[in-house]
Amino acid sequence: MKYTMWIKLIILSLSLLMVFNTSCIIKKTITVDNYHIYEMPPGGIKINDNLFCDRNEISNLDWLEYMYWNKRIFGSESIEYLSILPDTLSWLEMDSCLHSFVSHYHIRMEYPLVGVSQEQAMQYSKWRTDRVFEYLLVKYEVIQYDIAQTRDNHFTIEKYFNGELTNIISDEKLNYYLDFRLPTLEERKEILYYNDSVIQNIGRRACKCAYPHIWSDIIPCINGSLSAMPTRPVSCNCSSRNNKIIFNLYGNVSEWTSENDITVGGSWLDRKEKILSTDTFYVGSPNAWTGFRNVSEWKMWEK
């Protein structure tokens, strides 16, 4: 009995030692050289070894944050700020029951952004790339966050790598950054595997409230009155045990791709049959049914 007790104590001690050593090793593995292996993009889902996709569409809240930053850095009358304002008048092209959305839709924080051009979506992606990289530099104590940024000294990736910043606190550089952009049509095919609405690919309905209107053919306007919101919240405040699900890839808002004037997925304006028959749509200008989401990949800085 005594020997058995000693053996158990030895095994327990070795187990604790292994756990302690393992935890130390894990802590030591994350460095400025390999941090990109461990960092996940905010709100992103891993599609393949180096491709991530937003779980949700870009929301009105996301864009309001973008507008606030540009207004603070460049000023409310600047070209930079005025050029990113969404086209709220696009709602006037719709049924009269939706005209109130000219002033009200974009303050509905949880709903998907609409009314932006493909170029505006691309500019947002570049801005997001800068902000996420700035966050990582602060997190890894490479730079000190500058709360008084202006037009002349605000953070960009180019300024960091060109040595134009004065708030550097570490000699070690983070050479990898997350590049946010619009998806290609080929990437779209991979992304669809994680669609919340493609039941055969998921196996079961993981989040019922995330299903777009097309599955029940809800018409937002009936006899001049608003019968339902045309769009749904980007995640419908859903929680799912399946963390590999991407919400609303079909039928909520059509989404810009990197292909010129091409969107995918259809929107609340399209019937179910149309969306299921084709995934690509031509869009020539901002409207009330087109938004976007980002994909991202790790890149090493090259001049």
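So, with +1 on the Cβ of K and R and -1 on the Cβ of D and E, and no other charges, what is the size of the charge dipole of region 44-300 about its Cα centre, to the nearest 20 debye?
On the way: 26 positive and 34 negative charges, 198 e Å.
Charge dipole, region 44-300, about its Cα centre: 960 debye, nearest 20.
Reported to two decimal places, what Rg/Rh ratio describes region 30-97 when computed on Cα atoms with Rh from the Kirkwood expression?
Across region 30-97, the Cα-based Rg/Rh ratio is 1.16.
Can you give me the C-alpha center-to-center distance between region 83-100 and region 129-152, rounded to a whole angstrom?
Cα centroid of region 83-100 versus Cα centroid of region 129-152: 35 Å apart.
Semi-axes of the equivalent ellipsoid of region 44-300: what are they in whole Å, largest first, if each equals the square root of 5 times a C-alpha gyration tensor eigenvalue?
Here the semi-axes work out to 34, 23, 15 Å.
Read-outs throughout are calculated quantities, based only on the coordinates presented, and are distinct from any laboratory measurement. Remember, predicted model here, so these are calculated numbers, not experimental data. Cβ atoms come from the backbone with ideal geometry, glycine included; neighbour counts cover every protein chain shown.
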